[in-house]
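Here the structure is laid out as structure tokens; the discussion comes afterwards.
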Ligand SMILES: [Cu+2]
């Protein structure tokens, strides 16, 4: 690792920790589509030394059924308005809702900390990734504005006054038709920074086979994209990241030369007939029931060790407990 990289990581760590303390933030990092959740906005200080008297939170588009919690000593108001598109909740259409929540008339000393709670439902109109709730703290003569939203590709950590945010996780990931159950839960997972790699598997190869595919799910719980750019498999000479694509009506696989992007909040499934990693120039057979340890290399998370369970020759899914 270069000195520059180490310095950069050191600088990043310093700023994340100090800024996270100083910013108004939610007490949770994630929320899921199509689910109701509770979140508390943490207000860690006043406006330049003055006591906070009002907190105004803007509800992002796609968040419905908002219910703020009343606070002793504060007046609670909401502003409602139409939704950009209609949603369905418990079988009924929802076309308007709370757009702003205002707690006013309080007196939160600069030296004190408090939390402002809402419950709300994240709809599937919210794309996986960060969603922001611009918030303003008003004091007698000043404001603290947490209203900055990063431009595409801009690092949210670089903002001076970022709007409080949560990461929206996709609720329904494409699972290729097999039911997720105990097999995934027990298959083990590996964490590498914000990445979670689960249920890595491959299949046994017939004698003389030169290639095999590797499959798994990769979830990015962080706020920045990462990229699977390579890896290693001890029984093979080469390792590539592949996708399946239609070419002239024929499904073929090809290498993703720039690797596979894992967007913030996304869960990507590598599976037969879809994205996969490819072990080429096999030097020996992959044998059923004999797990193989390999590595994955990510642009940011670095080299990660994973263990592939080995399913029977031709299996469409890892052995053990998958319902089809
Ligand atoms: Cu392939």
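Among the residues of the stretch 68-77, is there at least one that is within 28 Å of the chain's Cα centre (by Cα) and more than 21 Å from residue 159 (Cβ to Cβ)? Yes. Residues of the stretch 204-217 that are in contact (Cβ under 8 Å) with a residue 60 or more places away in the chain and either in contact with a helix residue (DSSP H, G or I) (Cβ under 6 Å, 6 or more places away or on another chain) or within 14 Å of residue 241 (Cα to Cα) (or both): 211, 212, 213, 214, 215, 216. Against the test of being within 14 Å of the ligand (Cβ to nearest atom), outside the structural domain of residue 129 (by TED's automatic domain parsing) and in a strand (DSSP E or B), the options 269, 243, 261 yield a single qualifying residue, 243.
Does any residue of the stretch 246-262 turn out to be closer than 24 Å to residue 127 by Cβ, in contact (Cβ under 8 Å) with a residue 24 or more places away in the chain and crowded, with 20+ Cβ neighbours inside 10 Å? Yes, the conditions are met somewhere in the stretch 246-262. Checked against the criterion of being crowded, with 17+ Cβ neighbours inside 10 Å, part of a strand (DSSP E or B), more than 13 Å from the ligand (Cβ to nearest atom) and without any contact (Cβ under 8 Å) to a residue 60 or more places away in the chain, the stretch 219-239 has at least one qualifying residue.
Would you please name the residue that is surrounded by the most Cβ atoms within 10 Å (Cβ to Cβ), looking only at residues in the stretch 272-293 that are assigned to a strand (DSSP E or B) and within 15 Å of the ligand (Cβ to nearest atom)? Here the answer is 279. Residue 53 satisfies every condition listed in (1) in a loop (DSSP other than H, G, I, E, B); (2) in contact with a strand residue (DSSP E or B) (Cβ under 9 Å, 6 or more places away or on another chain); (3) modelled with pLDDT of 90 or more except (1).
Within the stretch 71-87, the residues that satisfy the criterion of being part of a strand (DSSP E or B) and touching a strand residue (DSSP E or B) at 6+ places or on another chain (Cβ under 7 Å) are 75, 76, 77, 78, 79, 80, 81, 82, 83, 86, 87.
The values are calculated or read from the model by the stated rules, or taken from the named source; none is laboratory data. Since we're looking at a predicted model, the values are computed, not measured. Counting neighbours? That spans all protein chains shown, and the Cβs are built from the backbone with ideal geometry, glycine included.
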